[in-house]
Amino acid sequence: MVSSCHCYPIRVRGACGNTARRNAAKVFCSNSVQTPPSQSTIKVVIVGATKEIGRTAVLAVSKARGMELAGAIDSQCIGEDAGQISGMEEPLEIPVLNDLTMVLGSIAQSRATGVVVDFSEPSTVYDNVKQAAAFGLSSVVYVPKIELETVTELSAFCEKASMGCLVAPTLSIGSVLLQQAAIQASFHYSNVEIVESRPNPSDLPSQEAIQIANNISDLGQIYNREDMDSNSPARGQILGEDGVRVHSMVLPGLASSTSINFSGPGEIYTLRHDVTNVQCLMPGLILAIRKVVRLKNLIYGLEKFL
């Protein structure tokens, strides 16, 4: 049973409140007696920790069995406690830093199993995964706008480095199950249309709709043959070459929703998934963290873990 004391040098670039300090170093000490983490504890570093999904992940990781938040990385809220900015009553004594290398070095010295969860931007993902691998940490990447070219480059790097990495277009288990059900249904129906709703108009059709269309294409099925040549905007956008159509609605205040509508003689089969908030991604994230430490290469898609 030991007490803990952590010292982190901080380079201040900005702050999200009044708690940040411009000290050359900031010391967080706990006088309470704590049980040292077991050898099986996974130390987790969250990149993009002050985003909504990052703050939610801080809470989820802190509550997850066998996990410990070891670092919170962002360019905002430097020096503030990761737990407090995430809404926790008690501080985690983990300050938000902008130096990923320093945090990774600390974990590597402890020889603990570690995972970097990356919620950053497409332009920084490759370097973040390389840094994590250099210190012996696996990575979970959830950056929806990441280019497939970057994924290909990361796959080659992880294969060579023998390091585990998951690149997930979605962390929602419900979304993955929706897509798996759609693949099964696509063998039995020749008409299909995707209808999605989003509160914001950015990046439509959504990555989820594109992923669904890709999954049910190239299966030897041509959909909606009756109006394949229709160019009416009211008929939606065709994704791919197999005739899958998508219709996107944007209404402020509307929950994110995706439905896949199949039809055959005398019947309509509808699959639907609604998302009310970012917490829906946390079970998938925790699952990904537990599984990725066993990998020696990159895999694409959370469905590989289900």
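Taking GLN211, is it modelled with pLDDT under 90, surrounded by 13 or more Cβ atoms within 10 Å (Cβ to Cβ) and under 30 Å from VAL116 (Cα atoms)? Yes; evaluated as a whole, the condition is true for this residue. For the stretch 198-215, the count of residues that are charged (D, E, K, R) and either closer than 15 Å to VAL47 by Cα or more than 18 Å from the chain's Cα centre (by Cα) (or both) is nonzero. Within the stretch 238-254, the set of residues being at pLDDT below 90 and either of a type in the set (Val, Ile, Thr) or more than 23 Å from SER217 (Cα to Cα) (or both) comprises ILE238, LEU251, PRO252, GLY253, LEU254.
All of (1) acidic (Asp, Glu); (2) more than 20 Å from ALA185 (Cβ to Cβ); (3) in a helix (DSSP H, G or I) hold for GLU208 with one exception: (2).
Please name all residue pairs, on different chains or six or more residues apart, with Cβ atoms under 6 Å, provided the first residue is in the stretch 150-165 and is among the β-branched types (Val, Ile, Thr) and the second residue is assigned to a helix (DSSP H, G or I). What qualifies is THR150/TYR126. I'm trying to understand the selection: among the residues of the stretch 187-203, which are closer than 17 Å to SER175 by Cα, in contact with a helix residue (DSSP H, G or I) (Cβ under 8 Å, 6 or more places away or on another chain) and either among the β-branched types (Val, Ile, Thr) or not in a strand (DSSP E or B) (or both)? Within the stretch 187-203, ILE194 is the sole residue that qualifies. For the stretch 108-119, the condition holds for at least one residue, the condition being that it is more than 20 Å from ILE53 (Cα to Cα), among the basic types (Lys, Arg) and at pLDDT below 95. Taking GLN179 as meeting all but one of (1) part of a helix (DSSP H, G or I); (2) outside the structural domain of ASN214 (by TED's automatic domain parsing), write down the number of the exception. Failing condition for GLN179: (2).
Pairs linking a residue in the stretch 91-103 that is assigned to a helix (DSSP H, G or I) to a residue that is buried (at least 20 other Cβ atoms within 10 Å of the Cβ), with Cβ atoms under 6 Å and 6 or more positions apart or on different chains, are LEU100/ILE73; VAL103/VAL45; VAL103/GLY71. When the stretch 252-270 is filtered for residues that are buried (at least 18 other Cβ atoms within 10 Å of the Cβ) and not polar (S, T, N, Q), the ones remaining, listed by number, are ILE260, PHE262.
The values are calculated or read from the model by the stated rules, or taken from the named source; none is laboratory data. Quick caveat: nothing in here was measured; it's all calculated off a predicted structure. Here Cβ is always computed from backbone atoms with ideal geometry, including for glycine, and neighbour counts include all displayed protein chains.
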